[in-house]
Amino acid sequence: MIKVLVYIAGRDVHNLNPALQKLVELYPKVDVRIIGAMGVYPLKDSTGTDFPFFRLQDIGNLEFDFVLVTGGSDDINGLAPDVHFGDVLSQLRSANVPEHKILLDRVICVPLFTFEKYERLKKSKPTIFAMNCFGGVVYHRFGLPFYSPLINMFMLEADFMKFLRDPMKYINTELRFHKWYEDQRGIDGRYPLFILGDDVIVHMNHYGQLGADFAKMKWDERKSRINWFNVIPVIYTSKPEVAAEFDDLPFAKKVCFVPFKSEKPSAYYLDKILDGNKGLSDLANRFGLGHNSYNYDIWDMLLYGKKSYY
């Protein structure tokens, strides 16, 4: 029997029951208790009775095997309506909860989850070089630090391929502010453009209100975390010739989302019709969030660079 404390980080707890069911499958019995802190909410059981509710400072007096964090939104920005998961994790760590005892409900809900795979993934510290927001989406989904500076931004396909041909060279150059970009489509609004090296444009499209200085600061902070021993480049393209060139790049793990069937080991087929007729970029992000209509094993993809199914 294991004891699970459940930290309620917001009102949206739709992943809680599936996560607990998964734990029941992995262990003979789960004894559930609830732990709370400022700004979080009590939880009732199926009979309407409140679970025991503890304060964060009471953790030291409790025996538990895991703290299951629930109640957060699955949006790509990593924000619940009222609580940021990073703050929750920091609070738990400050209360001396060991890292290996903190679980996110959304991670347990990823198909084929096991504690061994999750521990292996955390220890591997993957650096995802993604052309769009896919990297940030995956880091959020799995509750991992940003081991890559390519977060909340995008590059155009040609620029991204330039970057991937010699990523260490580009990373080791200064990211320089270029100008403010006005999105005429009205989707991303006004945001800063940067130049990497002499010829790669970086669109910091999620930093419009935060500003160019903040975007540059976060880039420099995150690039210091790069794990060059576990780099995973991720691109999406509708061009077979680009997919073929990408597949030839010298990375042990690599992911190319394409809207066509392909035998290339790195090519992951995404069907617009099957997934609500969305654009390829949105389909890639949805895949990172766990909306996987294709039964690809995301654990094999991130851990081994292997395209397999479940």
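The values are calculated or read from the model by the stated rules, or taken from the named source; none is laboratory data. Here the structure is a predicted model, which is why all the values come from computation and not from measurement. We place every Cβ from the backbone using ideal geometry, glycine too, and count neighbours over all the protein chains shown.
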Within the range 192-224, count every residue that is surrounded by 13 or more Cβ atoms within 10 Å (Cβ to Cβ), assigned to a helix (DSSP H, G or I) and not aromatic (Phe, Trp, Tyr). 6
Have a look at LEU20, LEU79, LEU62 and point out the one that is aliphatic (A, V, I, L, M), modelled with pLDDT under 80 and either more than 21 Å from TYR118 (Cβ to Cβ) or within 25 Å of the chain's Cα centre (by Cα) (or both). LEU79
If you scan the range 177-191, which residues turn out to be of a type outside the set (D, E, K, R) and loosely packed, with under 12 Cβ neighbours inside 10 Å? TRP180, GLN184, GLY186, ILE187
Which fully enclosed helices (runs of 4 or more DSSP H) of the range 226-310 have 3 or more residues being over 22 Å from the mean Cα position of the chain (by Cα)? 240-247
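This table checks each residue for (1) of a type in the set (A, V, I, L, M, F, W, C); (2) within 24 Å of LEU121 (Cβ to Cβ).
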residue	(1), (2)
GLU221	no, yes
VAL234	yes, yes
PRO240	no, no
PHE246	yes, yes
VAL255	yes, yes
Can you confirm whether TYR269 is touching a residue at least 40 places away in the same chain (Cβ under 8 Å) and either touching a Pro at 6+ places or on another chain (Cβ under 9 Å) or among the acidic types (Asp, Glu) (or both)? no
Please find, within the range 104-131, the residue that is surrounded by the fewest Cβ atoms within 10 Å (Cβ to Cβ) out of those that are touching a strand residue (DSSP E or B) at 6+ places or on another chain (Cβ under 7 Å) and more than 27 Å from ILE8 (Cα to Cα). PRO126
The strands (runs of 3 or more DSSP E) lying entirely within the range 84-191 that contain at least 1 residues which are assigned by TED's automatic domain parsing to the domain that holds VAL67, at pLDDT below 95 and within 29 Å of VAL24 (Cα to Cα) are 102-104
Go through VAL202, VAL231 for me and flag whichever is touching a Leu at 6+ places or on another chain (Cβ under 9 Å) and at pLDDT 95 or above. VAL202
Consider TYR304 against the criteria (1) at pLDDT 95 or above; (2) among the hydroxyl-bearing types (Ser, Thr, Tyr); (3) in contact with an Asp or Glu (Cβ under 8 Å, 6 or more places away or on another chain): it satisfies all of them except one. Which criterion is unmet? (3)
